[in-house]
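Visitor: The structure's right below; bear with me while I get my questions together.
The values are calculated or read from the model by the stated rules, or taken from the named source; none is laboratory data. Remember, predicted model here, so these are calculated numbers, not experimental data. Glycine gets a Cβ as well: all are built from the backbone with ideal geometry, and neighbour counts include every protein chain shown.
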Amino acid sequence: MDISMAALKGGVAKTTTAIHLAAFFHKHDETVLIDSDKNESALTWARLGSLPFPVCPLEGATKYIRKAVHVIIDTQARPTNSDLEAIAQGCDLLILPTTPKALDIDALIKTTDVLKELKANFKVLLTMVPPPRRRPSMRKVQPHLKEEKARFLLSQEEIPTFKGAIYQYTAFERSPLMGVTVDQYPDKYAKRAWDCYQKIGEEILNG
Ligand SMILES: Nc1ncnc2c1ncn2[C@@H]1O[C@H](COP(=O)(O)OP(=O)(O)OP(=O)(O)O)[C@@H](O)[C@H]1O
Ligand SMILES: [Mg+2]
């Protein structure tokens, strides 16, 4: 499967998502992550440590793509409409990460207008979401109000969105510095953080 990340806004967890989904898919089949961002964030992450899958720049990706069952592509922020069109047409699934902030959702809606016209297969992923909490009066864990509001805005616009969300954990900020995925980072929330991406990977595999 070929999966690309894209977003009008910077810093919405494109690279973090690309790295963790590549790790998820690599547990199933040979996977390569292509870093097509000039900032080389994914390549830097890989250079700092030991990721289990190859990360390569666009130039020279061919030999890895030939061997891979899954190709994950990280892109740079603020693509032009023609960039977005090329990205969307070159993959099976386009993931649009966004934080639940109203301004980020607003930028995202602009992106989806273009993608809807192109009839692209895209799905929004809520990232850096405050984790759900168990309120004293409630038996069940409740999603944070910010997540609920973001989901409401997205559903009003009929934008396809992953059921799972990526919660905000410090381990996500620290793991790139060690060049590892979050599950390898020594932190008591590491497993919960990894579970977020595992659920998204399963949602993708289960269609
Ligand atoms: N779930 C999360 N919880 C906490 N911090 C996160 C989470 N996801 C990403 N981050 C942090 O947020 C910052 C931006 O993430 P990332 O680099 O993945 O975004 P990006 O969209 O690729 O940015 P850019 O547009 O610069 O390429 C990083 O410092 C990253 O460690
Ligand atoms: Mg990035």
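Visitor: Take region 35-54 and flag every residue that is polar (S, T, N, Q) and within 23 Å of Val69 (Cβ to Cβ).
Guide: Within region 35-54, Ser36, Ser50 meet the criteria.
Visitor: Separate question: In region 57-83, which residues are more than 16 Å from ligand 2 (Cβ to nearest atom) and under 13 Å from Ala7 (Cα atoms)?
Guide: Thr80, Asn81
Visitor: Given Ser175, Ser155, Ser137, which one is out of contact with any Gly (no Cβ under 7 Å at 6 or more places or on another chain), within 16 Å of ligand 2 (Cβ to nearest atom) and among the polar types (S, T, N, Q)? Working first, answer last.
Guide: Numbers: Ser155 fails: within 16 Å of ligand 2 (Cβ to nearest atom); Ser137 fails: within 16 Å of ligand 2 (Cβ to nearest atom).
Only one candidate passes the filter, namely Ser175.
Visitor: Return a yes/no flag: does region 14-23 have any residue that is within 28 Å of Pro130 (Cβ to Cβ), surrounded by 14 or more Cβ atoms within 10 Å (Cβ to Cβ) and more than 15 Å from ligand 2 (Cβ to nearest atom).
Guide: yes
Visitor: Ok, one more. Tally the residues that are without any contact (Cβ under 8 Å) to a residue 60 or more places away in the chain, within 16 Å of ligand 1 (Cβ to nearest atom) and farther than 14 Å from Phe25 by Cα, restricting the search to region 45-75.
Guide: Final tally of qualifying residues: 2.
Visitor: Looking only at region 178-205, which residues are polar (S, T, N, Q) and either within 16 Å of ligand 2 (Cβ to nearest atom) or more than 17 Å from the chain's Cα centre (by Cα) (or both)?
Guide: At the first step, the residues of region 178-205 found to be polar (S, T, N, Q) are 181, 184, 198.
Across region 178-205, the qualifying residues are Thr181, Gln184.
Visitor: Any idea which of Ile109, Ile95, Ile166 is of a type in the set (Val, Ile, Thr) and modelled with pLDDT under 95?
Guide: Values: Ile95 fails: modelled with pLDDT under 95; Ile166 fails: modelled with pLDDT under 95.
Checking each option against the conditions leaves just Ile109.
This table checks each residue for (1) closer than 23 Å to Thr99 by Cβ; (2) hydrophobic (A, V, I, L, M, F, W, C).
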{"residue": "Val32", "(1), (2)": "no, yes"}
{"residue": "Phe53", "(1), (2)": "no, yes"}
{"residue": "Lys63", "(1), (2)": "no, no"}
{"residue": "Ala68", "(1), (2)": "no, yes"}
{"residue": "Ala77", "(1), (2)": "yes, yes"}
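Visitor: Return the residues of region 162-180 that are in contact with a Ser or Thr (Cβ under 7 Å, 6 or more places away or on another chain) and not in a loop (DSSP other than H, G, I, E, B); say none if nothing qualifies.
Guide: Phe172, Ser175
Visitor: Could you give me the residue pairs with C-beta distances under 8 Å whose first residue belongs to region 29-42 and is at positive phi, whose second residue is modelled with pLDDT of 95 or more and surrounded by fewer than 21 Cβ atoms within 10 Å (Cβ to Cβ) wherever it lies, and which are 6+ apart or on separate chains?
Guide: Final answer for the pair search is Glu40/Pro57.
Visitor: Taking Asn121 and the conditions (1) closer than 26 Å to Tyr169 by Cβ; (2) at pLDDT 95 or above; (3) away from ligand 2 (no atom under 16 Å from the Cβ), which numbered condition does it fall short on, given that it satisfies the others?
Guide: (1)
Visitor: Mind listing whichever residues of region 1-33 are within 14 Å of ligand 1 (Cβ to nearest atom) and part of a strand (DSSP E or B)?
Guide: Ser4, Met5, Leu33
Visitor: Just name the residue that is farthest from ligand 1 (Cβ to nearest atom) out of those in region 91-132 that are more than 15 Å from the chain's Cα centre (by Cα) and among the hydroxyl-bearing types (Ser, Thr, Tyr).
Guide: Here the answer is Thr112.
Visitor: Just for helices (runs of 4 or more DSSP H) wholly inside region 54-142: which have at least 3 residues that are within 24 Å of Ile166 (Cβ to Cβ)?
Guide: 81-89, 102-118
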